[in-house]
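Q: Below you'll find the structure I mean.
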Amino acid sequence: MALFGRTISILLLLLLTVSGLSAAAPTSAERVMFSQAQEWLRLTFPEKAEKTIVEFRQRYTNSTLLPEALLLQAKARFEQSNYVGAIEILTSHFNPRDPTADEYLYYLGLTQGKRGQYREAAEAFDRLTREYPASVHLLDGSIQQALAYSMVPEWRRVIDLLSQSNAVFQSVARTNSPGDLVFRGFLLLSRAQMAVANYPDAEATLRRFDKSLLNPTNAWQRQYLICQIQLADGRTEEALQNTTNLLTMAGNTLLPAVEAESAAFRASILETLARFDEAITNYNRNLVEGRPTSRQRQAILKISELSIRQNKINDAAALLEQFLGQYPDSNSADLALLTLGELRLRQYEERAGTNNFLIAATNLLAQTNLAQAHSSFDTLVKKFPQSPFFPKGELDLGWCLWFENRMPECQQALQTAITTLSHSTELALAYFKLADAQFRQGNFKGAINNYEALIRKFAALPLQSLTVSNLFEPALYQEIRASLATEDLVAATNALARILSWYPNGFNTERAVLLTGQAISNAGDPPRARSLFTGFMNVVSSSASIPEVQLAIARTYEKENDWTNAIQQYERWLNMFTNHAARPQAEYFRACAISQTGDKTNAFISFTNFIARFPTNDLAAPAQWWVADFYYAMGAFSSAENGYQTIFTQWPKSELANQAQMMAGRAAFKRQSWGDADKYFTNLCNNANCPVELRFQALFAHGDTLGSEGKAENYENAMNAFRLIARDYSTNKLAALALGQRACYALQWAQSSIENDKYETVSNAFMEVINSTQADARATNIATIGLGIVLEKLAQQRPDEARKFREQALDFYVNAFLNEEQPEVFWTKMAGTEAGRLAYEMREWQKAIKIYQRLQKLLPASLPSIQNKIQDCERNLTRVSKQ
């Protein structure tokens with residue numbers, strides 16, 4: 001017993017000794033350093049506060065201030081958002097018997113709440129309120145515990161913690177004045193009651209402050225929650241009326257964020273009531289300087305959305321333009337520019353897409369809207385390159401440039417958009433439109449690469465938006481077109497295989513099959529094309545395009561010149577699709593196929609019947625042409641002329657109209673109706689819309705018509721027509737032929753009886769032909785012969801100079817006769833015949849013999865007559881030599 005007593009005494013002594021050592025008062029240096037750390041934290045320099053505490057802990061390892069110093073370090077970490085480090089200190093150095101234990105628990109709960117560990121935070125605050133009832137954090141701790149449960153959320157526990165009379169909050173609240181903390185607790189209680197749809201109690205909880213003198217912010221919070229409760233309870237009009245006071249109270253707080261929240265809340269109620277104009281007015285309250293960026297951006301989007309719903313885009317655009325004019329450098333200016341541009345672009349698309357293109361003002365407004373949209377997007381991408389809306393701005397700018405047909409710039413904008421857009425619907429659209437822009441510029445390989453990029457990047461994902469998935473089919477279709485443009489049938493058929501697999505009944509599938517099949521057929525493989533068409537019909541037997549595919553099959557037979565099977569296919573088609581819109585095409589091509597077999601009679605009947613059945617169809621003109629050609633070939637020139645005339649009178653804008661007028665003139669020419677023929681030709685010559693080549697031919701025919709009448713007075717006009725051709729169409733391949741015709745009619749004029757004063761005109765005409773660099777050998781020889789004839793005419797008129805003129809004439813005949821470039825035997829024979837005759841008449845027997853001998857070699861069929869001439873000349877030559 002004595003031993004036990006002594007042991008207790010020794011332990012007490014030791015405890016007292018240790019207690020004395022640990023309770024040693026801190027030195028002034030410790031206090032100064034600790035106070036310095038406190039001051040750094042108070043001045044919001046938490047990193048310096050922690051650095052000071054770390055140094056303090058290293059220097060004063062046994063200081064009695066260590067628990068407070070550790071708590072201060074945890075607070076510093078909390079302020080630096082180093083929640084893990086703060087929790088580490090608060091849990092590892094917590095001492096429940098230390099005077100700062102309640103502080104440790106309070107900050108532990110706060111820190112765990114910041115990390116989203118709401119249940120752990122609630123447990124820390126629960127321990128604080130249970131174990132440390134004297135803590136200065138008791139009231140706040142009880143509220144923080146309830147707040148932590150609200151974040152889970154467990155609203156029933158929140159209500160229990162804040163409403164039960166024996167709970168910490170109610171107990172403490174009864175003994176405290178209704179300050180901020182008490183108000184905050186009841187505000188949270190009201191929110192919890194509203195969350196469980198206990199609207200009467202939720203409002204009653206707040207009504208207890210009806211006569212309390214609250215600060216402006218608390219007064220606003222109370223009023224805001226009352227409005228929310230009334231709105232949730234279905235008392236929309238009552239909530240709306242109370243927002244009037246809410247806006248006033250918000251103004252009393254002098255807090256822009258509170259004012260912005262109130263305006264947005266009132267606007268949202270008006271929106272639910274479909275009072276859109278009033279809603280827009282309230283959203284517009286937030287388009288002022290100083291309002292939170294999030295609320296400004298909400299206002300921009302809501303004003304746009306509600307204005308579109310009311311078709312009041314101009315009003316919305318005006319508000320955004322006003323905002324940008326007042327605050328061009330606002331944090332929300334980028335979104336305002338984007339939204340304004342999209343509103344204007346929407347207006348352009350609506351106006352440009354209208355069917356009433358006769359209204360010039362509409363088109364002008366559309367172009368103005370497009371220019372406005374372009375300007376907004378251009379300003380956005382240039383002024384705000386770091387904006388999150390920059391990529392969308394580049395995409396929209398690309399759309400504007402697309403509509404402006406500025407493809408190179410459009411491509412550049414879309415490429416920029418692709419490099420900056422996230423993986424989104426907009427990115428898919430950018431790839432698609434970039435490929436389209438490259439397609440428009442003829443960069444088919446680049447287009448294929450980007451169509452493929454779209455499919456590769458987005459098609460494999462498990463979920464896609466409807467907008468994105470709707471791009472795949474047109475992308476494959478465009479890829480087929482691009483592949484066919486580069487004659488890459490392998491790539492085209494690969495893309496077609498995918499479109500048939502993914503979209504057998506797709507909007508573009510039928511056209512894809514037709515285009516690819518036609519390309520395969522045109523490439524020389526009609527059987528493969530036919531197999532493709534047949535396979536498609538077997539898979540999609542009910543497709544609306546089956547009739548068109550059947551027609552394409554008939555054309556594959558045409559490519560093989562298998563007219564019998566083509567005709568049979570057309571006839572089967574006509575029996576199957578009696579009321580189809582493509583029936584005129586089928587009947588027309590069947591008639592064409594019949595004509596290819598050589599059965600002109602049945603082809604004539606088919607074309608004639610076609611014209612009678614479908615007189616206004618586009619193919620009626622070429623059908624009428626075939627019938628007119630049939631009459632022309634048969635020599636029925638009057639009927640042919642009437643047929644051609646029908647074409648250019650009934651289809652004046654048809655590509656065949658001018659050609660038909662030309663053929664009508666030729667038919668009239670054939671029946672020697674020179675006046676009618678020349679009228680057709682002259683009309684074409686004077687038609688500025690007539691193709692140059694055809695106008696040339698008409699002028700040529702006009703000259704021939706004038707000359708063909710056989711009237712001497714028309715020869716000169718015919719010559720002038722051909723001279724105009726050679727002058728005005730000097731680069732045309734037929735210019736030389738015109739010179740030849742001019743020489744022919746000059747020759748005919750020379751051969752007819754002409755007056756003395758016309759010799760010079762005719763001679764000059766021949767010399768122009770001879771000296772022209774465009775004249776070929778035929779034209780030159782005709783003109784040379786013509787000069788000989790003119791000289792002979794002059795010899796007749798001037799007997800005193802007859803010999804000289806005849807010698808010159810003989811030289812011209814001989815030159816033409818000896819020209820080895822002479823392309824036609826007729827002119828060689830004529831030149832030789834005239835030379836031989838003139839030499840004979842001039843008694844130039846030797847020359848005559850040589851000319852006739854050469855002529856005899858060139859024209860063996862005329863041997864007897866030429867031989868007689870030679871013998872006659874030889875006898876005369878012998879007689880002269882004997883004299």
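Q: Just one of (1) modelled with pLDDT of 95 or more; (2) surrounded by fewer than 23 Cβ atoms within 10 Å (Cβ to Cβ) trips up L108, so point out which.
A: (2)
Q: If you don't mind, another one. Regarding the stretch 783-801, can at least one residue be identified that is closer than 21 Å to L838 by Cα, modelled with pLDDT under 70 and in a loop (DSSP other than H, G, I, E, B)?
A: Looking for residues that are closer than 21 Å to L838 by Cα, modelled with pLDDT under 70 and in a loop (DSSP other than H, G, I, E, B), one finds none in the stretch 783-801, hence no.
Q: Another question, then. Please determine whether any residue of the stretch 633-647 is within 24 Å of A552 (Cα to Cα) and either open to solvent by 40 Å² or more (accessible area, probe 1.4 Å) or acidic (D, E) (or both). Give the steps one after another, and end with the answer.
A: Step one: list which residues in the stretch 633-647 are within 24 Å of A552 (Cα to Cα), which gives none.
Within the stretch 633-647 (the criterion being within 24 Å of A552 (Cα to Cα) and either open to solvent by 40 Å² or more (accessible area, probe 1.4 Å) or acidic (D, E) (or both)), the answer is no, since none of the residues qualifies.
Q: Of these, A591, A668, which one is in a helix (DSSP H, G or I) and over 30 Å from A688 (Cβ atoms)? Before the answer, list the steps.
A: Details: A668 fails: over 30 Å from A688 (Cβ atoms).
Only one candidate qualifies: A591.
Q: Being among the hydrophobic types (A, V, I, L, M, F, W, C) and at pLDDT 95 or above narrows it down to one of L358, L395, L365, L345, so name that one. Give the steps one after another, and end with the answer.
A: Details: L358 fails: at pLDDT 95 or above; L365 fails: at pLDDT 95 or above; L345 fails: at pLDDT 95 or above.
Step by step, each of L358, L395, L365, L345 is checked, and only L395 is among the hydrophobic types (A, V, I, L, M, F, W, C) and at pLDDT 95 or above.
Q: Does L225 meet the test of being modelled with pLDDT under 95, under 27 Å from G141 (Cα atoms) and part of a helix (DSSP H, G or I)?
A: On the way: modelled with pLDDT under 95: no; under 27 Å from G141 (Cα atoms): yes; part of a helix (DSSP H, G or I): yes.
So L225 does not fit the description; no.
Q: Next question, about the same structure. Select from the stretch 284-311 the residues that are of a type in the set (S, T, Y) and touching a helix residue (DSSP H, G or I) at 6+ places or on another chain (Cβ under 8 Å) and list them in ascending order.
A: Those that are of a type in the set (S, T, Y) and touching a helix residue (DSSP H, G or I) at 6+ places or on another chain (Cβ under 8 Å): S304, S307.
Q: Answer yes or no as to whether Q298 is polar (S, T, N, Q) and under 21 Å from S332 (Cβ atoms).
A: Details: polar (S, T, N, Q): yes; under 21 Å from S332 (Cβ atoms): yes.
Here the answer is yes, as Q298 does meet what is asked.
Q: Picking from S150, S190, S163, S171, which residue would you name as being under 19 Å from A134 (Cα atoms) and not basic (K, R)?
A: Working: S150 fails: under 19 Å from A134 (Cα atoms); S190 fails: under 19 Å from A134 (Cα atoms); S163 fails: under 19 Å from A134 (Cα atoms).
Within the list S150, S190, S163, S171, the selection yields S171.
Q: If A633 satisfies all but one of (1) of a type in the set (A, V, I, L, M, F, W, C); (2) touching a Lys or Arg at 6+ places or on another chain (Cβ under 9 Å); (3) under 20 Å from Y570 (Cβ atoms), what's the number of the condition it fails?
A: Exception for A633: condition (3).
Q: Sticking with this one: Which of the residues that make up the stretch 235-251 are surrounded by fewer than 17 Cβ atoms within 10 Å (Cβ to Cβ) and either more than 26 Å from A197 (Cα to Cα) or over 49 Å from the mean Cα position of the chain (by Cα) (or both)?
A: Narrowing the stretch 235-251 to residues surrounded by fewer than 17 Cβ atoms within 10 Å (Cβ to Cβ): 235-238, 241, 244-245, 248, 251.
Answer for the stretch 235-251, where residues must be surrounded by fewer than 17 Cβ atoms within 10 Å (Cβ to Cβ) and either more than 26 Å from A197 (Cα to Cα) or over 49 Å from the mean Cα position of the chain (by Cα) (or both): R235, E238, Q241, N245, T248, G251.
Q: Exactly one of these conditions fails for G707: (1) at pLDDT 65 or above; (2) farther than 27 Å from M662 by Cα; (3) more than 56 Å from the chain's Cα centre (by Cα). Give me its number.
A: (2)
Q: Of all the residues that make up the stretch 589-606, how many are in contact with a helix residue (DSSP H, G or I) (Cβ under 7 Å, 6 or more places away or on another chain) and open to solvent by 30 Å² or more (accessible area, probe 1.4 Å)? Break it down stepwise before answering.
A: Filtering the stretch 589-606 down to residues in contact with a helix residue (DSSP H, G or I) (Cβ under 7 Å, 6 or more places away or on another chain) leaves 589-591, 593-597, 600, 602-604, 606.
In the following step, the residues that additionally are open to solvent by 30 Å² or more (accessible area, probe 1.4 Å) were identified as 589-590, 596-597, 600, 602, 604.
Residues in the stretch 589-606 being in contact with a helix residue (DSSP H, G or I) (Cβ under 7 Å, 6 or more places away or on another chain) and open to solvent by 30 Å² or more (accessible area, probe 1.4 Å): 7 in total.
Q: I've got another one for you. Yes or no: the stretch 92-114 includes at least one residue that is in a loop (DSSP other than H, G, I, E, B) and under 60 Å from the mean Cα position of the chain (by Cα).
A: Kept after step one, since they are in a loop (DSSP other than H, G, I, E, B), are these residues of the stretch 92-114: 93-100.
Narrowing the set further to residues that are under 60 Å from the mean Cα position of the chain (by Cα) leaves none.
Looking for residues that are in a loop (DSSP other than H, G, I, E, B) and under 60 Å from the mean Cα position of the chain (by Cα), one finds none in the stretch 92-114, hence no.
Q: Considering only residues of the stretch 460-492 that are of a type in the set (S, T, N, Q) and surrounded by fewer than 19 Cβ atoms within 10 Å (Cβ to Cβ), which is modelled with the highest pLDDT?
A: Out of the qualifying residues, it is T486.
Q: When you scan the stretch 562-578, do you find a residue that is open to solvent by less than 70 Å² (accessible area, probe 1.4 Å), closer than 27 Å to S501 by Cα and part of a helix (DSSP H, G or I), even just one?
A: Step one: list which residues in the stretch 562-578 are open to solvent by less than 70 Å² (accessible area, probe 1.4 Å), which gives 562-563, 565-567, 569-570, 573-574, 577.
Next cut, closer than 27 Å to S501 by Cα only: none.
No, the stretch 562-578 contains no residue that is open to solvent by less than 70 Å² (accessible area, probe 1.4 Å), closer than 27 Å to S501 by Cα and part of a helix (DSSP H, G or I).
Q: Any residue that is open to solvent by less than 60 Å² (accessible area, probe 1.4 Å), more than 29 Å from S595 (Cα to Cα), in a helix (DSSP H, G or I) and touching a Phe, Trp or Tyr at 6+ places or on another chain (Cβ under 7 Å) - is there at least one of those in the stretch 678-697?
A: Yes, the conditions are met somewhere in the stretch 678-697.
Q: Related question: I'd like to verify a number: residues in the stretch 478-493 that are in contact with an Asp or Glu (Cβ under 9 Å, 6 or more places away or on another chain) and either hydroxyl-bearing (S, T, Y) or farther than 14 Å from S521 by Cβ (or both), how many?
A: Qualifying residue count for the region: 4.
Q: Of the residues E349, E289, E321, E305, which is closer than 29 Å to L255 by Cα, touching a Phe, Trp or Tyr at 6+ places or on another chain (Cβ under 9 Å) and surrounded by fewer than 20 Cβ atoms within 10 Å (Cβ to Cβ)? Lay out the reasoning, then the answer.
A: On the way: E349 fails: closer than 29 Å to L255 by Cα; E321 fails: touching a Phe, Trp or Tyr at 6+ places or on another chain (Cβ under 9 Å); E305 fails: touching a Phe, Trp or Tyr at 6+ places or on another chain (Cβ under 9 Å).
E289 is the lone residue from the list that is closer than 29 Å to L255 by Cα, touching a Phe, Trp or Tyr at 6+ places or on another chain (Cβ under 9 Å) and surrounded by fewer than 20 Cβ atoms within 10 Å (Cβ to Cβ).
Q: So which pairs qualify, if the first residue must be in the stretch 30-48 and of a type in the set (A, V, I, L, M), the second must be assigned to a helix (DSSP H, G or I) and buried (at least 16 other Cβ atoms within 10 Å of the Cβ), the Cβ gap must be under 6 Å, and the two must be at least 6 apart or on different chains?
A: Close Cβ pairs satisfying both conditions: M33/F56; A37/A49; A37/T52; A37/I53; A37/L72; L41/A49; L41/A76.
Q: Residues S294, S262, S268: which one is surrounded by fewer than 19 Cβ atoms within 10 Å (Cβ to Cβ), modelled with pLDDT of 95 or more and within 30 Å of P388 (Cβ to Cβ)? Full working, then the answer.
A: Values: S294 fails: modelled with pLDDT of 95 or more; S262 fails: surrounded by fewer than 19 Cβ atoms within 10 Å (Cβ to Cβ).
That would be S268, the only listed residue that is surrounded by fewer than 19 Cβ atoms within 10 Å (Cβ to Cβ), modelled with pLDDT of 95 or more and within 30 Å of P388 (Cβ to Cβ).
Q: Turning to a different aspect of this structure: In the set N686, N642, which member is more than 26 Å from F607 (Cβ to Cβ), without any contact (Cβ under 8 Å) to a residue 24 or more places away in the chain and not aliphatic (A, V, I, L, M)?
A: Values: N642 fails: more than 26 Å from F607 (Cβ to Cβ).
Sole residue among the options that is more than 26 Å from F607 (Cβ to Cβ), without any contact (Cβ under 8 Å) to a residue 24 or more places away in the chain and not aliphatic (A, V, I, L, M): N686.
Q: Oh, and also: Kindly provide the set of residues from the stretch 74-97 that are crowded, with 20+ Cβ neighbours inside 10 Å and free of Cβ contacts under 8 Å to residues at least 24 places away in the same chain, ordered by number.
A: Of all residues in the stretch 74-97, those crowded, with 20+ Cβ neighbours inside 10 Å come to 74-78, 86-87, 89-90.
Matches in the stretch 74-97: I89, L90.
Q: Based on what the data block shows, is D140 assigned to a helix (DSSP H, G or I), of a type in the set (D, E) and surrounded by 14 or more Cβ atoms within 10 Å (Cβ to Cβ)? Step through it out loud before you land on a result.
A: On the way: assigned to a helix (DSSP H, G or I): yes; of a type in the set (D, E): yes; surrounded by 14 or more Cβ atoms within 10 Å (Cβ to Cβ): yes.
Yes, satisfied.
Q: Which is buried (at least 16 other Cβ atoms within 10 Å of the Cβ), within 28 Å of A779 (Cβ to Cβ), of a type outside the set (S, T, N, Q) and without any contact (Cβ under 8 Å) to a residue 40 or more places away in the chain, of F826, F805?
A: On the way: F826 fails: buried (at least 16 other Cβ atoms within 10 Å of the Cβ).
Going through F826, F805 in turn, just one is buried (at least 16 other Cβ atoms within 10 Å of the Cβ), within 28 Å of A779 (Cβ to Cβ), of a type outside the set (S, T, N, Q) and without any contact (Cβ under 8 Å) to a residue 40 or more places away in the chain: F805.
Q: Pick out the one residue from A783, A775 that is out of contact with any Phe, Trp or Tyr (no Cβ under 7 Å at 6 or more places or on another chain) and open to solvent by less than 50 Å² (accessible area, probe 1.4 Å).
A: From the options A783, A775, the qualifying one is A775.
Q: Out of L395, L429, L380, L421, which single residue is in contact (Cβ under 8 Å) with a residue 24 or more places away in the chain, of a type in the set (A, V, I, L, M, F, W, C), open to solvent by less than 60 Å² (accessible area, probe 1.4 Å) and over 30 Å from A492 (Cβ atoms)? Show your work before the answer.
A: Values: L395 fails: over 30 Å from A492 (Cβ atoms); L429 fails: over 30 Å from A492 (Cβ atoms); L421 fails: over 30 Å from A492 (Cβ atoms).
Answer to the check: L380.
Q: Taking the residues in the stretch 508-551 that are open to solvent by 10 Å² or more (accessible area, probe 1.4 Å) and not in a helix (DSSP H, G or I) as candidates, determine which candidate is nearest to E479 (Cα to Cα).
A: So, considering only residues that are open to solvent by 10 Å² or more (accessible area, probe 1.4 Å) and not in a helix (DSSP H, G or I), the one nearest to E479 (Cα to Cα) is N508.
The values are calculated or read from the model by the stated rules, or taken from the named source; none is laboratory data. This one's a predicted model, so the numbers in the text were calculated from it and none came from an experiment. Cβ atoms come from the backbone with ideal geometry, glycine included; neighbour counts cover every protein chain shown. Surface areas here come from the heavy atoms of the whole protein model, side chains and all, with no ligands, DNA or RNA. Shrake-Rupley method; radii C 1.70, N 1.55, O 1.52, S 1.80 Å.
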